[in-house]
Amino acid sequence: MPDHPEPATVAHVDIARYMGTWYEIARLSMRHEPEDATDISAHFTLQDDGKVEVRNRMRRNGEVEEAVGEARAIDDSGSRLEVSFLPEGLRWIPFTRGDYWIVALAPDYSVSLVGSPDRRYLWLLAREPKLDETTRGHYLAIAEHHGFDLARLIHTPHTGQPTA
């Protein structure tokens, strides 16, 4: 949104503490996550070189689909990352990385609000597949404050079926 400056990110993220499984609670509509997808999760693993392996999983038409990518912090805060899901040999190509900016993070690392600086992408993530309405509302209000348009927000269904 041109009438907003870039969204602020959290001051510091302990990348090692951020690792593990995050469940998608809500997202803005996007082509690589179809609206009928359920049980969406992201699994982060810190690599020896400081980069992060990202495994996104979702259930669609009864089948589990997985995309494997790589993320890296672009500054010392750890709250601004770039992610690529291209095959490993093509990740060097310029302009192939997406922004993954952590806009809000619960002090206990149980909830994360992630967006892109152009505000086209937004994810509300939690360590559990369900999030109470008060907490959900709090983080979505933060998103609106940062200029994200929630009109296209999708609340991700979790069926209890594993995607691992």
| request: Quote the relative contact order of segment 15-153 in percent (integer), defining contacts as alpha-carbon pairs under 8 Å separated by 6+ residues. | output: 22 percent
| note | Among V68, V114, V54, the residue with the largest mean-square fluctuation in a Gaussian network model of the chain built from Cα contacts under 10 Å is V68
| Using the Cα atoms of segment 15-153 to build a convex hull, what is its mean projected area in square nanometres? | 8.8 nm²
| said: At 7 Å along Cα-to-Cβ for each site, give me the label-to-label distance between H138 and T38 in nm. | reply: 2.9 nm
| said: To make sure I understand, if each residue's beta carbon is the centre and we count other beta carbons within 10 Å, what order do K130, K51 fall in, fewest to most? | reply: K130, K51
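Every read-out reported here was derived from the displayed coordinates using simple, explicitly stated rules and does not represent laboratory data. Small disclaimer: the values here were computed from a predicted structure and weren't measured. Don't worry about glycine lacking a Cβ; one is built from the backbone with ideal geometry, like all the others, and counts go over all protein chains shown.
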